[in-house]
Amino acid sequence: MSLHAQQFFTEHLTLPFTESTIVGNTYYATPLPNSLLRLRIDFSRTIREREYDGLRLAVVHPEKGDVDAVVLTFDEHDTFTRRDAAHEVQPGYSGYARILDLRHHNRQPPWSGADVSGLRAAIEQYTQVWFPGAWTTTARSRPAAGTARNIPTAQAGPTGTRTR
């Protein structure tokens, strides 16, 4: 049975990029027209075979390779909180907040019951940093857990620069 990552990216995450494709279990997008930078999203592997604990986002340049990368874990973004609670899976045990196998053999996909609103919000935030204005729809979700927040900056000291 083949991998069903395309179903995950197209039906669950529903990313807004028109210039995109899925190869194997990797999503590729060109968020801004005429830009050399690309967005790549993979499933983030654990140390166990066929076990994934999140998504790895990378900004890729064709000549320089990965310019930046970040891992968004399913646990930090509450992706499988309801599923795991329903099956009484406890934190720290194999299968908690993880996809155990991307293949499914005539059964529900391993991400069945996933709440991707936190992941979507984090992907939107990451995309806005590297590709300002590329996110064409507003994610209807709560703020992503474990993502950047506004932090007040300190006033310039004697070594800082000042404008008049």
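General observations
- Checking each residue of the range 40-55 against the condition of being more than 24 Å from residue 115 (Cβ to Cβ) and at pLDDT below 90 gives at least one match.
- Selection status of residue 71, at pLDDT 65 or above, in contact with a strand residue (DSSP E or B) (Cβ under 8 Å, 6 or more places away or on another chain) and surrounded by 18 or more Cβ atoms within 10 Å (Cβ to Cβ): no
- Matching residues in the range 19-32 - criterion: being in contact (Cβ under 8 Å) with a residue 24 or more places away in the chain and either out of contact with any helix residue (DSSP H, G or I) (no Cβ under 7 Å at 6 or more places or on another chain) or at positive phi (or both): 32
- Look at (1) at pLDDT 95 or above; (2) within 23 Å of residue 77 (Cβ to Cβ); (3) over 16 Å from the mean Cα position of the chain (by Cα) and you find that residue 60 fails only one, number (3).
- Which listed residue, of 58, 5, is surrounded by 13 or more Cβ atoms within 10 Å (Cβ to Cβ), in contact with an Asp or Glu (Cβ under 6 Å, 6 or more places away or on another chain) and not polar (S, T, N, Q): 58
- The selection criterion, being of a type in the set (Asp, Glu) and closer than 22 Å to residue 121 by Cβ, does not hold for residue 66.
- Among the residues of the range 33-49, those that are over 18 Å from the mean Cα position of the chain (by Cα) and touching a residue at least 40 places away in the same chain (Cβ under 8 Å) comprise 35, 48.
The values are calculated or read from the model by the stated rules, or taken from the named source; none is laboratory data. Note that the coordinates shown come from a computational prediction; the quantities given were computed from them, not determined experimentally. We place every Cβ from the backbone using ideal geometry, glycine too, and count neighbours over all the protein chains shown.
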